[in-house]
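The structure appears below as structure tokens.
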Amino acid sequence: MSANPGSPMMTDVMPDGCRVTSKPFEELTVPELYEILRLRSEVFVVEQECAYQDIDGKDPGSWQVMVCDDTGELVAGLRVLRPGVSFPEASLGRVVTRFRGKGYGAMAMREGIRIAREQYGAETLRIEAQCHAIGFYERFGFRVDSAEFLEDGIPHVEMVASLVP
């Protein structure tokens, strides 16, 4: 970690030059927030052709995970929500990546799981996953925990992971 252990912000620089940063929503800079919202809109609204309410009131109080490539471009991210915001358990949401198959989403997931453990003492995580991404989440220990349902016209399921070894 390049941040001080007591610092709320953590940054890891990966061997390929990628940078993974996590910080409380309230500590985001305006340019960071702009890039997060731009990436979420680019993928969820434009690419997936899904008009939905992204600004849902859940970001304040969350932790934001940002993965930047070696040029500094935001390429993936997610938010970590404390227990009671979306589910009784801590949860991950708005998991997004600009490029598939490059490992950026996996970097964001590993950091999000770490943050959930360290900041919220999470022993369990719950997510709503788009059905086409179930296999991705299973790699991190998530298992399907609901029937399929439509969220904004896209098939989803709830998935849960135990963080206790």
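Some notes on this structure:
- Output for the range 31-51, where each listed residue is hydroxyl-bearing (S, T, Y) and surrounded by 13 or more Cβ atoms within 10 Å (Cβ to Cβ): S41
- A106 open to solvent by less than 40 Å² (accessible area, probe 1.4 Å), in contact with a helix residue (DSSP H, G or I) (Cβ under 9 Å, 6 or more places away or on another chain) and within 19 Å of P165 (Cβ to Cβ): no
- Pairing each residue of the range 54-80 that is open to solvent by less than 20 Å² (accessible area, probe 1.4 Å) with any residue that is of a type in the set (D, E, K, R) and in a loop (DSSP other than H, G, I, E, B), provided the two are 6+ apart or on different chains, yields C-beta distances under 8 Å for S62/R82; L74/R98; V75/D69; V75/R98; V75/K102; A76/R98; R79/K58; R79/D59.
- Restricting the range 146-161 to residues that are at pLDDT 95 or above and part of a loop (DSSP other than H, G, I, E, B) leaves a set whose member that is most open to solvent (accessible area, probe 1.4 Å) is E148.
- Enumerated strands (runs of 3 or more DSSP E) restricted to the range 27-145, each holding at least 3 residues that are modelled with pLDDT under 95 and closer than 19 Å to M159 by Cα: 90-97
The values are calculated or read from the model by the stated rules, or taken from the named source; none is laboratory data. This is a predicted model, so every value here is computed, not measured. Methodologically, a virtual Cβ is constructed for each residue, glycine included, from the backbone with ideal geometry; neighbour enumeration extends over all protein chains shown. The area values use the complete protein model at the heavy-atom level, side chains included, leaving out ligands, DNA and RNA. Shrake-Rupley method; radii C 1.70, N 1.55, O 1.52, S 1.80 Å.
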